[in-house]
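What follows is one structure encoded as structure tokens, with my remarks underneath.
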2 protein chains.
Amino acid sequence: MLRSCATRLRALGVPPARRPGAVWRLFSSEKIIPKDYGLPNPSWSKDLRLLFDQFMKKCEDGSWKRLPSYRQSSTQTLKNFQTRFVDPRFMNEEQMSKAQQFSRSLEEGLGFEYALFYNKVEKRMVCLFQGGLHLQGVPGFVHGGAIATIIDVTTGTCAFAEGVAMTANLNINYKKPIPLGSVVVVTSQLSKTEGRKLFISCTVQSVDEKTLYTQATAKENPELLTLPLYFRSSECGLNHPPHLT
Amino acid sequence: MLRSCATRLRALGVPPARRPGAVWRLFSSEKIIPKDYGLPNPSWSKDLRLLFDQFMKKCEDGSWKRLPSYRQSSTQTLKNFQTRFVDPRFMNEEQMSKAQQFSRSLEEGLGFEYALFYNKVEKRMVCLFQGGLHLQGVPGFVHGGAIATIIDVTTGTCAFAEGVAMTANLNINYKKPIPLGSVVVVTSQLSKTEGRKLFISCTVQSVDEKTLYTQATAKENPELLTLPLYFRSSECGLNHPPHLT
């Protein structure tokens, strides 16, 4: 659809529009500021906006911090990854630059709408999540894989706040199907560490906390992929995870 | 992007293009034939095409069967689901008709490219999978949630071949990161039944079977959502699952 639209516009001599939300170029300095997808947009329901405002209030005393969220990693990050880890048979430099963060790859309102908040003292990550119409599994409900994705985003980012991490195990109990279009709260909590391994628990609940939709545990093992040191995030939210949100 | 493209085309007086792959309308009978996404397209790599051809050969004697795969459920299926299960606070009839199968919601080549084959005697489902550039987690590799999704699709469809099913547990061990753009083989096998509950094992391997990327188990419990009887699929592949592929 995108390609066909672009082709038809080109055929009509119409210049290409700026890609929505990809980057904002400041012509005075040519500095590129990527769009932060963790902020409200018109597709957010009243429930999601209310929750977001509540958590932003909690951020005022510094106990909680909102984490920004991007569609693509920085050019430098990609270059470093490509040099150190990526097999050129599968991905060249041009392809790397076109890759997008899975949880941000669907258009506004159709996929994963979410905002992440972190409490450093409690080692707790909260994700306010609204599942769009293109996340469907059983008709009317969010796909099990989409639920796994938002859990992986939340637990993975929670682990990343402690340092380098990569998911080694995800054990998910689906208790009740989540209605498409509804807002749920995903809460993850660092429960144990064993050497460099991290153990994290996670729940997916309704906004009123009366319904437990999903329960999960995650193990994070940094040895799965030894990330470069410049990704260590001692101050989560300032030096945010480049790949998980 | 879609909206902005459409708006610009409308402003230029250009009639809307047919949505790619959504449906083919046969004007003689007005019968709508949905596009089958489980067939090769130009984004498929040589590896994926070769594997697909190998499995199509296996289908010739009837031991294996290729399963079709759609982006949307039929109108009747949606109506039935809406009446029986869907809370109108979250989804009305119009929204239901716009919902899309999560694993087919990204554009051709950018998301989940896969084909499913089922061996009824062995109760084994094989998914040939190529992860597109918009499934990224760690730069250069497939997101853990996208891996969970293709596992859920494969195990869920394997369970569905036995009758009504819905995922109750997914336990995934990520052993090695999967390079973006590579082709892997997801194999699931029904290992045990307990009453109406089904237990399924799953592996994600490289094409040459030398690399085990992921190992998983799934439990399917039909009591999570009591599907209407007309979804029972005693002859998998003919009466294909309406929602999982």
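The values are calculated or read from the model by the stated rules, or taken from the named source; none is laboratory data. What you see is a predicted model, and the numbers here were worked out from it, not measured in a lab. FYI the Cβ positions are ideal-geometry reconstructions off the backbone, even for glycines, and counts take in every protein chain you see. These accessible areas exclude ligands, DNA and RNA; they are computed on the full protein's heavy atoms, side chains included. Shrake-Rupley method; radii C 1.70, N 1.55, O 1.52, S 1.80 Å.
Overview of results
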read-out: Local electrostatic count at A:Gly132 - Lys and Arg +1, Asp and Glu -1, tallied over other residues with Cβ under 9 Å; value: -3
read-out: For region B:164-185 and region A:75-131, distance of Cα centres in Å; value: 18 Å
read-out: Local net charge near A:Ala115, Cβ-Cβ under 13 Å (Lys/Arg +1, Asp/Glu -1); value: +1
read-out: Size of charge dipole - region A:64-133 - debye, nearest 20, with Cβ of Lys, Arg +1 and Asp, Glu -1, no other charges; value: 400 debye
read-out: Candidate aspartates and glutamates - alpha carbon under 16 Å from B:Lys79, same-chain residues fewer than 8 apart omitted; value: B:Asp87, B:Glu93, B:Glu94
read-out: Interface A:B - total buried accessible surface [probe 1.4 Å, Å², rounded to 100]; value: 6000 Å²
read-out: Percent of C-alpha pairs per 5 Å bin, region A:102-160, short to long; value: 4, 19, 28, 23, 13, 8, 4, 1, 0
read-out: Partners for B:Lys120 among lysines (Cα-Cα distance below 20 Å; same-chain residues under 8 apart left out); value: B:Lys57, B:Lys58, B:Lys65, B:Lys192, B:Lys197, B:Lys219
read-out: Sequence-distant residues sharing a close amide H with A:Leu180 (under 5 Å, placed H); value: A:Phe141, A:Val142
